[in-house]
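Engineer: Can you read through this structure? Questions will come right after.
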Amino acid sequence: MNQILIGAQWGDEGKGKIIDILARKSNIIVRYQGGNNAGHTVKFDDEVHVLHLIPSGILHPGKICIIGNGVVIDPEALFHEIKVLESKGVKVHGRLFVSEQAHIIFPYHRLIDALLEESRSNGEFIGTTKKGIGPCYADKMARTGIRVGDLRDLPYFRHRLALVLKEKNKVLRRIYGHRGLSFKKVCTDTLRFRKRLLAIAIDTPSYLYHAAKKRKNILFEGAQGTLLDVDHGTYPFVTSSNASVGGAIAGSGVSPTLIDNVIGVVKAYTTRVGEGPFPTQFPPVLMKQIQTKGGEFGSTTGRPRRCGWFDALIARHSVRINGLNEMVIMKLDVLSGLDEIKIAVGYKLNGKTYRDFPPSSCKLVRCRPIYETMKGWKQDLTAVKRWKDLPLNAQRYIRRLSRLMETRIAMVSVGSKRSQTIRLTNGK
Ligand code: IMP
Ligand code: MG
């Protein structure tokens, strides 16, 4: 069975934990978009791991992990992550492969990411992770990117880098008043990783094709979330890749006809890290309360995540865009203790009611949510293992979300441990 796991909000839904559960029945786990802007937190054997670039499946001995062509790779970040994993006793050697077609993040990408963000004014900040992701994807589209496979032919690599850096230095000097980067330094710094990178570089689309033909189970691990998708998210407050289902196809080279299932992940409330419209954002006191209780701090940047009520419009938008067959609901335990829980079921703008997510940030920023209010529950949920042991109001809440999202619920998570997961075999 080949499955794609997708974030159905603004990222940080808790995909890491679900990947960890699904990885047990998979042979191969594939990352297909984004880069080390992502942060997947996984509790494995009571140890907490934060993965940025390497698929979370690496924590399962014997599984093959692939970084697909759609991912942008910062070699320094990659080898640092490998080193950290190996220092914790995780064997990476022989199990991790990267696509020859994946683009490389260079120091000028990181620098331009930071300078561009600094040059933006209030209301225009994106709040990027400053990992060089956007500028690297921009180069890919402008056909000025350099790919992992280009490292094989040294004279060609040097030639490409010299050409690109000349242009980058013009921009750095003329626009940003920066002194620019030395070709020698950028080249030497990258070539330090050449041998190690080439040793794991393969033709991933072909590898995955043959694996699928041999009926291996492939799990596609999405990063970020549908609302951060460059096409289907809250543009321009998005990341620069397709975090929705299309990204899995384009970013791995695997045909959609080989995919059996697409699963979404949402939190029982909503969070967003970085800038951009967020209609259901909590008022300050509740925000602080949920932020603290839910541990809502970015795993890549440490920034506090903005928190808000569950927004059924954005979740349903994700269900439709991705064709989600089922949904996993995370962090239900965080909502315990509230008297009332709200769900946005529509938006109001200039006297008009919207039931579907409007694909324009200018509109969204002015939309006021229409809430439905449900009764909360007091009980602590962290020890609940079965659906029938959930408080009735929690069951009602989940059922309501399922109806509003127009999809079945496969699992409900009530804590970070694998054992704190309620499986709903017949859906809800
Ligand atoms: P970039 O991906 O670094 O360019 O950042 C663009 C936007 O996406 C910013 O608002 C980031 O905070 C957000 N973002 C990027 N990666 C993640 C993620 O893994 N989780 C949540 N937000 C993210
Ligand atoms: Mg994250």
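The rows are residues; the columns are (1) more than 16 Å from ligand 2 (Cβ to nearest atom); (2) closer than 14 Å to ALA38 by Cα; (3) open to solvent by less than 40 Å² (accessible area, probe 1.4 Å).
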site: GLU221; (1), (2), (3): no, yes, yes
site: LEU228; (1), (2), (3): no, yes, yes
site: HIS232; (1), (2), (3): yes, no, no
site: VAL238; (1), (2), (3): no, yes, yes
site: ASN242; (1), (2), (3): yes, yes, no
site: GLY251; (1), (2), (3): yes, no, yes
site: VAL262; (1), (2), (3): yes, no, yes
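Engineer: Still on this structure, I have one more. Give the residue, chosen from ARG303, ARG320, that is under 24 Å from SER402 (Cβ atoms) and surrounded by fewer than 18 Cβ atoms within 10 Å (Cβ to Cβ).
Structural biologist: Of ARG303, ARG320, the one residue that is under 24 Å from SER402 (Cβ atoms) and surrounded by fewer than 18 Cβ atoms within 10 Å (Cβ to Cβ) is ARG320.
Engineer: Could you say which residue among GLY62, GLY39, GLY34, GLY16 is in the same structural domain as ALA223 (by TED's automatic domain parsing), within 16 Å of ligand 1 (Cβ to nearest atom) and surrounded by fewer than 24 Cβ atoms within 10 Å (Cβ to Cβ)?
Structural biologist: Unique residue meeting the criteria: GLY39.
Engineer: Here's a follow-up. Taking TYR137 as the residue in question, decide whether it is surrounded by 12 or more Cβ atoms within 10 Å (Cβ to Cβ), touching a residue at least 40 places away in the same chain (Cβ under 8 Å) and either assigned to a loop (DSSP other than H, G, I, E, B) or not assigned by TED's automatic domain parsing to the domain that holds ASP113 (or both).
Structural biologist: Criteria not met by TYR137.
Engineer: How many of the residues in the range 214-261 are of a type in the set (Ser, Thr, Tyr) and either part of a strand (DSSP E or B) or out of contact with any helix residue (DSSP H, G or I) (no Cβ under 9 Å at 6 or more places or on another chain) (or both)? Please lay out each step first, then the result.
Structural biologist: In the first step, residues of the range 214-261 are kept if they are of a type in the set (Ser, Thr, Tyr); the result is 226, 234-235, 239-241, 244, 252, 255, 257.
From what is left, the residues that are either part of a strand (DSSP E or B) or out of contact with any helix residue (DSSP H, G or I) (no Cβ under 9 Å at 6 or more places or on another chain) (or both) are 257.
Counting residues in the range 214-261 that are of a type in the set (Ser, Thr, Tyr) and either part of a strand (DSSP E or B) or out of contact with any helix residue (DSSP H, G or I) (no Cβ under 9 Å at 6 or more places or on another chain) (or both) gives 1.
Engineer: Give, as residue ranges, the strands (runs of 3 or more DSSP E) completely inside the range 298-375 that count at least 2 residues that are touching a Ser or Thr at 6+ places or on another chain (Cβ under 9 Å) and either assigned by TED's automatic domain parsing to the domain that holds GLN395 or touching a residue at least 40 places away in the same chain (Cβ under 8 Å) (or both). Please lay out each step first, then the result.
Structural biologist: Details: elements: 306-308, 326-330, 340-349, 352-354, 368-375.
Once the strands (runs of 3 or more DSSP E) in the range 298-375 are filtered for at least 2 residues that are touching a Ser or Thr at 6+ places or on another chain (Cβ under 9 Å) and either assigned by TED's automatic domain parsing to the domain that holds GLN395 or touching a residue at least 40 places away in the same chain (Cβ under 8 Å) (or both), what remains is 306-308, 326-330, 340-349, 368-375.
Matching residues to (1) part of a strand (DSSP E or B); (2) within 17 Å of LEU197 (Cβ to Cβ); (3) touching a strand residue (DSSP E or B) at 6+ places or on another chain (Cβ under 9 Å):
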site: ASN69; (1), (2), (3): no, yes, yes
site: GLU76; (1), (2), (3): no, yes, no
site: LYS83; (1), (2), (3): no, yes, no
site: THR129; (1), (2), (3): no, no, no
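Engineer: Could you list all residues from the range 403-428 that are open to solvent by 10 Å² or more (accessible area, probe 1.4 Å), hydroxyl-bearing (Ser, Thr, Tyr) and touching a strand residue (DSSP E or B) at 6+ places or on another chain (Cβ under 8 Å)?
Structural biologist: Selection gives THR407, SER416, THR421.
Engineer: In addition: What do you reckon, is THR425 assigned to a loop (DSSP other than H, G, I, E, B), farther than 23 Å from PRO279 by Cα and free of Cβ contacts under 8 Å to residues at least 12 places away in the same chain? Walk me through it before giving the result.
Structural biologist: On the way: assigned to a loop (DSSP other than H, G, I, E, B): yes; farther than 23 Å from PRO279 by Cα: yes; free of Cβ contacts under 8 Å to residues at least 12 places away in the same chain: yes.
Judged against the criteria, THR425 is a match.
Engineer: Filter the range 264-288 down to residues that are more than 19 Å from the chain's Cα centre (by Cα) and under 24 Å from ARG400 (Cα atoms) and give me whichever is farthest from ligand 2 (Cβ to nearest atom).
Structural biologist: My answer is PRO283.
Engineer: Then there's this: Considering only residues of the range 262-285 that are part of a loop (DSSP other than H, G, I, E, B) and β-branched (Val, Ile, Thr), which is farthest from ASN217 (Cα to Cα)? Write out each step before concluding.
Structural biologist: To start, the set of residues in the range 262-285 that are part of a loop (DSSP other than H, G, I, E, B) comprises 268-269, 273-280, 282-283.
Applying the additional criterion that residues be β-branched (Val, Ile, Thr) yields 273, 280.
Working: VAL273: 33, THR280: 38 Å.
It comes out as THR280.
Engineer: Still on this structure, please answer the following. Looking at ILE54, is it within 16 Å of ligand 1 (Cβ to nearest atom), within 22 Å of LYS216 (Cβ to Cβ) and assigned to a loop (DSSP other than H, G, I, E, B)?
Structural biologist: So ILE54 fits the description; yes.
Engineer: Related question: Hey, can you tell me all the residues within the range 42-59 that are of a type in the set (A, V, I, L, M) and buried (at least 18 other Cβ atoms within 10 Å of the Cβ)?
Structural biologist: So the first thing to find is which residues in the range 42-59 are of a type in the set (A, V, I, L, M), and the list is 42, 48, 50-51, 53-54, 58-59.
Listed by number, the residues that qualify are VAL42, LEU51, LEU53, ILE54, ILE58, LEU59.
Engineer: Still on this structure, I have one more. Scan the range 85-106 residue by residue and report those that are in a loop (DSSP other than H, G, I, E, B), hydrophobic (A, V, I, L, M, F, W, C) and over 15 Å from THR204 (Cβ atoms).
Structural biologist: Scanning the range 85-106 gives VAL90, VAL92, ILE105, PHE106.
Engineer: Within the range 3-13, which residues are more than 16 Å from ligand 2 (Cβ to nearest atom) and either of a type in the set (Ser, Thr, Tyr) or buried (at least 23 other Cβ atoms within 10 Å of the Cβ) (or both)?
Structural biologist: ILE4
Engineer: Being within 14 Å of ligand 1 (Cβ to nearest atom), open to solvent by 20 Å² or more (accessible area, probe 1.4 Å), more than 18 Å from LEU53 (Cα to Cα) and out of contact with any Ser or Thr (no Cβ under 7 Å at 6 or more places or on another chain) is true for just one of ARG120, ARG110, ARG143. Which residue is that?
Structural biologist: ARG120
Engineer: Among the numbered criteria (1) within 16 Å of ligand 2 (Cβ to nearest atom); (2) in the same structural domain as ASP229 (by TED's automatic domain parsing), which single criterion is violated by SER206?
Structural biologist: (1)
The values are calculated or read from the model by the stated rules, or taken from the named source; none is laboratory data. In this text the structure is predicted, and so the values were computed from the model without any measurement. Quick reminder, even Gly has a Cβ in these numbers, built from the backbone with ideal geometry, and neighbours come from all protein chains shown. Remember, those area values only see protein heavy atoms, side chains included, never the ligands or the DNA or RNA. Shrake-Rupley method; radii C 1.70, N 1.55, O 1.52, S 1.80 Å.
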